[in-house]
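The values are calculated or read from the model by the stated rules, or taken from the named source; none is laboratory data. Please read all numbers here as calculations on a predicted model, not as lab measurements. So basically every Cβ, Gly included, is an ideal-geometry build from the backbone, and we count neighbours across all protein chains shown.
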Amino acid sequence: MTDTPASVPRPGKGRLAAIVLLGPLVGAFALVAPQFILDTPSVYPEEYAGVAAFLVTFSYLLGFVPAVLAAIVYWLAYPRIHSMPWPLFLLACLLIGALCGALGVTLTTSAFERQVIFAFPIVAMGALVGAVALAVTAMPFRPRPA
């Protein structure tokens, strides 16, 4: 008899697609929502629609590279983190999302500017938004550990 190696658990393709496709949208709303909640109302409400559409679209484009990085790192880390209790799993998702968000936003802005850009406010924003986005897209409907 030959011993077959145990299969390594991996997240489903739907989960990875949600991280890549919905993650930037979640991050965009996480970035835009506090600004609109804390901002004073304008006399012209159509201004909000135009500004919100621009910010969400640009945030989605800026967040696509970090989302792809987060999906890859999540896929690689999943065998180690899938059986953790949910608070530790959440912490792992927040950490992965923050690191990938910071790195991905730095790579994206550096590509836009054609030079290395490491501005702390942009990196911090990418880390915060990446952490929220990965936690929101990776946590729901995850299988319970045995």
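Structure above, values below:
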| quantity | calculated |
| --- | --- |
| Out of 73, 105, 116, 123, sole residue that is within 15 Å of residue 24 (Cα to Cα) and either of a type in the set (A, V, I, L, M) or surrounded by 13 or more Cβ atoms within 10 Å (Cβ to Cβ) (or both) | 105 |
| Per-region count, the range 115-139, residues within 12 Å of residue 15 (Cα to Cα) and at pLDDT below 85 | 0 |
| Options 77, 111: the member that is within 16 Å of residue 137 (Cα to Cα) and without any contact (Cβ under 8 Å) to a residue 60 or more places away in the chain | 77 |
| Members of the range 112-135 that are closer than 21 Å to residue 56 by Cβ and among the small types (Gly, Ala, Ser) | 124, 126, 127, 130, 131, 133, 135 |
| The lone exception for residue 92 - which of (1) crowded, with 20+ Cβ neighbours inside 10 Å; (2) touching a residue at least 24 places away in the same chain (Cβ under 8 Å) it fails | (2) |
| Filter result for the condition that a residue is farther than 25 Å from residue 11 by Cα, at pLDDT below 90 and in a helix (DSSP H, G or I), over 55, 107, 61 | 55 |
